[in-house]
Structure formats: C-alpha cells, structure tokens
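Trainee: One structure, as structure tokens, below. Some questions next.
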Amino acid sequence: MVSPVAPVHAQEIGTARLVLVPLQVGHADEMADVLADPALHAFIGGRPDDPQALRAATGG
C-alpha cells in the first residue's frame, strides 16, 4: 500500500544576501533561457521547453 503524500507548500527563504522565492508562472521567460542549455538535457533527457510550454506545465 502506498502512503499518501502531503502537498508541498513552497515558501520564500531568505538571508541577508539572498532570497529564494518559489517558482511561479511569471518566471517562465527567465527559466526558459536557463533550461535551454543543451548540456543540461544531456543529463536529464528530452529537449528544452519554450516559455509557453513552461507556463502550461505549471498551470499558467
């Protein structure tokens, strides 16, 4: 039997020099550039998504 998994609620994490924010649909354009590196996909497989595909994947 599989145990139910509680939903994850991402929250902002910050220090004096750095603030990490949860990934949001509004980040799609910037993330498409970051995730477009072909070297990354050599390890994770697949191909880079464009911003529209990233938005759709996050429900945006």
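The numbers here are math on the coordinates, done by the rules we state, and not lab data. No experiment lies behind these values; they were computed from the predicted model shown. So basically every Cβ, Gly included, is an ideal-geometry build from the backbone, and we count neighbours across all protein chains shown.
Trainee: Identify which of 32, 16, 42 has the largest mean-square fluctuation in a Gaussian network model of the chain, with springs joining Cα atoms closer than 10 Å.
Mentor: Taking springs between Cα atoms under 10 Å, the residue moving most is 16.
Trainee: For residue 56 and residue 20, compute 0.36 nm times the residue count separating them, minus their Cα-Cα distance, and round to one decimal in nm.
Mentor: Value of the extension gain: 10.7 nm.
Trainee: Sticking with this one: Hey, of [x] 15.0, 44; [y] 12.5, 44; [z] 12.9, 39, which did the structure itself give for Rg and Dmax of the Cα atoms in Å when calculated?
Mentor: [x]
Trainee: Among 10, 45, 27, whose Cα projects farthest towards the positive end of the dipole of the chain, with charges put on the beta-carbon of Lys, Arg (+1) and Asp, Glu (-1)?
Mentor: 10
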